[in-house]
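The values are calculated or read from the model by the stated rules, or taken from the named source; none is laboratory data. As the structure is a computational prediction, the values presented were derived from the model and not from experiment. All accessible areas refer to the heavy atoms of the entire protein, side chains included, with ligands and DNA or RNA removed. Shrake-Rupley method; radii C 1.70, N 1.55, O 1.52, S 1.80 Å.
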Amino acid sequence: MTVDAARPPRPAQVTVAFWLQLASAALLLGIVGVAIAHAVHFDGAISRAAALVPDADPREVSDERSANVVGTLFVGVPALLLAAWLAVTARPVLRGSNVARIFVFVAGGGQLLLAATQVCGGILLLPLAFAFSGDEDVIVDDGVSWEESGFQDALYNSSGLFTEVFFLSGFVVALLVLTLSGAVVLLLALPPANRYFVPRAAAPAWPAFPGRPMPYVICPDPSAHFPRPEPPAGPPAPPEPPAAPAPPDGA
């Protein structure tokens, strides 16, 4: 007889994790939209700076446009992929799919690994930043210093508050998504949620007999299944005495 696993009712932890997962996906989609808007804004700032400085190096202008596109893709593509990952697995997680839960664990671990890599990389670059902090001018290969480039001054002086808001919002959203992902992983790993995703097999149900009590699983008298020993044989019984003869008639 095949016994199916009985799935318990969905615990509240799974429902909360579902909504937190959708909130993370929405935040990531929002930062993708902000990244695209910033790319359009910064491209306009490049055009305005090039118009203010007619003698700007065309190669320098082209490098800024390329860096703008690459920076937007560097921020937007991972955020879009992670948002799609979380959005696609949210509904199966709510329904109790253990495979979807494993994918959520992988996404949370990947975010934690990426954050740790960025923090460690920033710490390793601190000595290099302090080493160059005393230099006033950074000379490029064509002999023109960074401070002497009129195009760079016009570009970064006219980029406005939007660039600062973009980088600040990106940092805040990344921190929020990492926190929400950690909460989702913790909620899905709790024992009630674990029993929901990996249900235990239910005990086999015995058939009911109408009008009769449930049969015993264990016999209440195990001695009934063993042969009872016969009593030992005693001495042979003595023979019975012969019957006395009947008296004659008239005696």
* To do: Provide the per-residue ³J(HN,Hα) series for segment 57-73, in order, calculated from phi with Karplus coefficients 6.51, -1.76, 1.60 and θ = phi - 60°, each as a whole number of Hz, with x at glycine and proline positions.
  => 5, x, 5, 5, 5, 5, 5, 5, 5, 5, 5, 5, 5, 5, x, 5, 5
* Structure fact -> Residues meeting the amide H criterion for residue 56 (H placed from the backbone, H to H distance under 5 Å, 5 or more places apart or on another chain) are none
* Asked: Fully extended, how many nm does the chain gain between residue 81 and residue 186 (0.36 nm per residue separation, minus their Cα-Cα distance)?
  -> 35.6 nm
* Asked: What does the accessible area of residue 175 come to, in Å² to the nearest 10, when a probe of 1.4 Å is used?
  -> 100 Å²
* Run the 1.4 Å probe and let me know the accessible area of residue 10, rounded to the nearest 10 Å². => 120 Å²
* Asked: To one decimal place, what orientation-averaged projected area in nm² is obtained for the convex hull of the Cα set of segment 1-104?
  -> 8.7 nm²
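So for 179, 72, what's the accessible-area order with a 1.4 Å probe, most first?
Greatest to least solvent exposure: 179, 72.
Pulled fully out, how much extra length does the chain show between residue 59 and residue 74, if you take 0.36 nm times their separation in residues and subtract their Cα-Cα distance? Don't jump to the answer; show the numbers that get you there.
Details: separation 15, 0.36 × 15 = 5.40 nm, distance 2.20 nm.
In short, 3.2 nm is gained.
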